[in-house]
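The values are calculated or read from the model by the stated rules, or taken from the named source; none is laboratory data. This structure is a prediction, so every number in the text was calculated from the model and none was measured. Ideal geometry is used to build each Cβ from the backbone, glycine not excepted, and the neighbour counts take in all protein chains shown.
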Amino acid sequence: MTKLRAMALLLALSLGACMAPAQSGRLDESAVYIIRHLQKAKGDDPALTSEGAANAQRLAAMLAGANITAVYATRTRRAMETGAPLASQIGVAITPYDPRNPDALAAEVAGSKGSVLVVGHSNTVGDLVTRFGGNTAPELTEQDYGTLFMVDEAGNVNEFGVE
């Protein structure tokens with residue numbers, strides 16, 4: 001086995017360990033996945049850090065088999081960069097949404113087929129989880145990154161670690 005293939009296998013195994021869910025054992029193919037943007041740099045409308053960009057790649061790999069048909073993100077650079085690897089992987093453009101109008105987002109998502117990913121912020125993820133039918137609302141702080149929330153059709157909320 002070449003050195004490159006061995007490194008790829010090691011990376012794949014490492015990613016598999018990172019995909020272990022906090023509460024449930026599987027991804028759903030007709031769910032809403034919600035995540036806070038990943039680790040950001042400082043400043044106005046910052047980009048993702050190198051750690052955040054690597055985690056965005058992990059997120060895309062993690063959701064590869066989840067039948068994602070659309071990616072929604074706020075217009076901030078960090079949110080767009082969080083969703084970009086998955087959007088590129090599945091061949092769709094990221095649909096921007098206004099975090100001040102979650103009803104419009106919910107209506108658009110309700111009309112989607114398959115699963116969707118929504119990238120939000122620490123102060124919007126909890127509301128989004130319940131707005132999409134989740135029976136519990138997570139509370140995030142400014143330091144919380146890397147938790148993916150899956151809301152299934154029954155309103156169950158499962159958490160998956162991206163890091």
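For Arg131, the criteria (1) crowded, with 16+ Cβ neighbours inside 10 Å; (2) within 14 Å of Leu38 (Cβ to Cβ) hold in every case but one, which is (2). Checking the stated criteria, Glu163 turns out not to satisfy the condition of being out of contact with any Lys or Arg (no Cβ under 9 Å at 6 or more places or on another chain), under 19 Å from Ser50 (Cα atoms), among the charged types (D, E, K, R) and modelled with pLDDT under 95.
For Leu105, the test of being hydrophobic (A, V, I, L, M, F, W, C), within 14 Å of the chain's Cα centre (by Cα) and crowded, with 18+ Cβ neighbours inside 10 Å is failed.
Taking the condition within 22 Å of Val129 (Cβ to Cβ), in contact with a helix residue (DSSP H, G or I) (Cβ under 8 Å, 6 or more places away or on another chain) and in a helix (DSSP H, G or I), does Ala84 pass? No; evaluated as a whole, the condition is false for this residue. Looking across region 110-120, just one residue is surrounded by fewer than 21 Cβ atoms within 10 Å (Cβ to Cβ) and of a type in the set (A, V, I, L, M, F, W, C), and that is Ala110.
Annotation: Ala70 fulfils all but one of (1) within 16 Å of Val116 (Cβ to Cβ); (2) in a helix (DSSP H, G or I); (3) of a type in the set (Gly, Ala, Ser); the unmet one is (2).
Looking across Ala93, Ala56, one residue alone is more than 20 Å from Thr147 (Cβ to Cβ) and either modelled with pLDDT of 95 or more or buried (at least 21 other Cβ atoms within 10 Å of the Cβ) (or both). It is Ala93. When Ala154 is tested against the conditions (1) more than 13 Å from Arg36 (Cβ to Cβ); (2) surrounded by fewer than 16 Cβ atoms within 10 Å (Cβ to Cβ); (3) modelled with pLDDT of 95 or more; (4) not basic (Lys, Arg), the lone failure is (3). Just to be sure, is Glu108 in a strand (DSSP E or B), charged (D, E, K, R) and touching a residue at least 12 places away in the same chain (Cβ under 8 Å)? Taking the combined requirement at face value, the residue does not satisfy it. Here Ser115 clears all of (1) farther than 17 Å from Val162 by Cα; (2) of a type in the set (S, T, N, Q); (3) free of Cβ contacts under 8 Å to residues at least 60 places away in the same chain except the condition numbered (3).
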